[in-house]
Amino acid sequence: MKGCGTALVTPFDSQGALDLDAYRRLIEWQIESGIDFLVPCGTTGESVTLSGQEYRQVVRTCVETSEGAVPVVAGAGSNNTVHALELARMVEDQGADAILSVAPYYNKPTQEGMKRHFRSLLEAISIPVVLYNVPGRTSSNLQPQTVLELARDERVTAVKEASGNLGQIQEIVKGAPATLSVLSGDDALTLAILALGGQGVISVASNVIPAEMTRLTTLASDSRLEAAREIHYRYLALMNLNFVESSPSPVKYALSRMGMIEPFVRLPLVPLTPASQKLFDNLLHDLGLVE
């Protein structure tokens, strides 16, 4: 589990229904652009607004469209362990190569509670597990020692670290076994984490610039930091603007301007404001992504 994986958006039409044709086109473009793996049904994929049937459709469509060209790491997280197990079994049945499972949110479990939660997942499925730590959304922090204890099971193949705490991330990198990849969960910190010894990123920006984000991770992994730095600074404003409002509204707007999908999100998310749209229009033009 290395390189650049795209946290795929889930396209909807103007009526709020799944737009699977647009989704297939997006996946095909990602693979043609050299992406290393795909991550459907994560936060960026608005997974919490999908019905059970839609969830299965999205994962199955991703698996079938990719045709084994790249691994599919499907989101399967919940703050209800029983529900997380159900999701994990379901995405395994749909052909996913691994699951991405977020630390339980809202109910603020202890470190022991989180260890038991993830160990239950490992007992329930046979495919690998990628841990996902994003305290800004979950109000719980998967601490380094907890990650390293869980990684004693070799099926814990990676951790997506989006705490923004480079000190914490360094602890994980330093103590990680060879079987554990440390992946950035923040596009803007990807270069820093790779320079510290991380192995890649699960990226929002790569929805829009898959070839460039893949190139950045490849260069940094090869210790070609000057060239990686050029890409980083060229697209840093885009990485940051993707969070000017609640994700994935911004990145969906960017993709819509590029003609890839429609910009629609599901409540409680709302479309990008006109002021933010103008910022994106100017930046996308400056980067040569739209005419």
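The values are calculated or read from the model by the stated rules, or taken from the named source; none is laboratory data. Quantities reported herein were computed from a predicted structural model and do not represent experimental measurements. Cβ coordinates were reconstructed from backbone atoms using ideal geometry, including for glycine residues, and neighbour counts include every protein chain displayed. All accessible areas refer to the heavy atoms of the entire protein, side chains included, with ligands and DNA or RNA removed. Shrake-Rupley method; radii C 1.70, N 1.55, O 1.52, S 1.80 Å.
Dipole of the chain (Lys/Arg Cβ +1, Asp/Glu Cβ -1, origin at the Cα centre): which of Ser181, Thr81, Gly42 lies farthest to the positive side?
Highest projection toward the positive end goes to Thr81.
Quick one: net charge around Ser203, please, counting Lys, Arg +1 and Asp, Glu -1 for every other residue with C-beta under 11 Å from its C-beta. It would help to have the intermediate numbers written out before the result.
Numbers: positive: Lys160; negative: Asp36, Asp186, Asp187, Glu212.
Computed value for this residue: -3.
Only Cα pairs under 8 Å and at least 6 apart count here; give the relative contact order of the chain as a rounded whole percent. All intermediate terms of the calculation are to be shown ahead of the outcome.
Values: 560 pairs, mean separation 53.3, N = 291.
Rounded, it is 18 percent for the chain.
Determine the percent antiparallel among the DSSP beta bridges restricted to the chain, to the nearest 5.
Details: 1 of 27 bridges.
Percentage antiparallel, nearest 5: 5.
Going highest first, how would you order 78-86, 138-146, 219-227, 202-210 by mean Cβ packing within 10 Å? It would help to have the intermediate numbers written out before the result.
On the way: 78-86: 15.9, 138-146: 19.2, 219-227: 14.3, 202-210: 26.2.
Order by mean packing, descending: 202-210, 138-146, 78-86, 219-227.
Using +1 on the beta carbon of Lys and Arg, -1 on that of Asp and Glu, and nothing else charged, what's the dipole of the stretch 121-179 about the Cα centre, debye to 20? Intermediate values should be presented prior to the final figure.
Numbers: 5 positive and 6 negative charges, 32 e Å.
It works out to roughly 160 debye.
Which label marks the calculated value of Kirkwood radius over Cα pairs in Å, given the options [x] 19.4; [y] 23.2; [z] 18.9?
Entry [z].
Setting aside same-chain residues fewer than 8 positions from Lys115, which lysines have a Cα under 26 Å from its Cα?
Qualifying lysines at Cα under 26 Å: Lys2, Lys160, Lys174.
Ordered by packing density, taken as the mean number of other Cβ atoms within 10 Å over each peptide's residues, highest first, how do 230-236, 184-190 rank? Don't jump to the answer; show the numbers that get you there.
Values: 230-236: 16.1, 184-190: 23.9.
Per-residue Cβ counts within 10 Å, averaged per peptide and sorted highest first, yield 184-190, 230-236.
Could you look at the stretch 120-166 and say what percent of its accessible area is carbon and sulfur, using a 1.4 Å probe and all protein chains?
39
Around Leu238, under 11 Å between beta carbons, what's the net of Lys plus Arg minus Asp minus Glu among the other residues? Before the final figure, lay out each step's value.
Numbers: positive: Arg234; negative: Asp187, Glu212, Asp286.
Residues near Leu238 contribute -2 overall.
Under 8 Å for C-alpha pairs, at least 6 residues apart: give me the relative contact order for the stretch 1-141, rounded to a whole percent. Intermediate values should be presented prior to the final figure.
Working: 234 pairs, mean separation 28.0, N = 141.
Value for the stretch 1-141: 20 percent.
Using +1 on the beta carbon of Lys and Arg, -1 on that of Asp and Glu, and nothing else charged, what's the dipole of the chain about the Cα centre, debye to 20?
Values: 23 positive and 32 negative charges, 131 e Å.
Charge dipole, the chain, about its Cα centre: 620 debye, nearest 20.
Whole number in Å², please: accessible area per residue of the stretch 89-138, 1.4 Å probe, ligands, DNA and RNA not counted.
For the stretch 89-138, the solvent-accessible area averages 44 Å² per residue.
Rounded to the nearest whole Å², what accessible area per residue is found for the stretch 186-291 with the 1.4 Å probe?
Working: 4750 Å² over 106 residues.
Using a 1.4 Å probe on heavy atoms only, each residue of the stretch 186-291 averages 45 Å².
How large is the charge dipole for the stretch 230-278, taken about the Cα centre, if only the Cβ atoms of Lys, Arg (+1) and Asp, Glu (-1) carry charge, to the nearest 20 debye? Working shown, then result.
Details: 5 positive and 3 negative charges, 16 e Å.
It comes to approximately 80 debye.
Please list Arg155, Arg116 in order of solvent-accessible area, largest first, computed with a 1.4 Å probe with all protein chains present.
Numbers: Arg155 70, Arg116 155 Å².
Descending order: Arg116, Arg155.
Rounded to the nearest 500, what is the chain's calculated 222 nm mean residue ellipticity when only DSSP H runs of at least 4 contribute -39500 (n - 2.57) each, over all residues? Present the calculation step by step, with values, prior to reporting the outcome.
Details: 12 runs with 133 residues, N = 291.
Per the formula, -14000 deg cm²/dmol.
Order the peptides 89-95, 46-52 from the highest to the lowest mean number of other Cβ atoms within 10 Å of their residues.
On the way: 89-95: 18.7, 46-52: 15.7.
Going by the mean number of other Cβ atoms within 10 Å, highest first, we get 89-95, 46-52.
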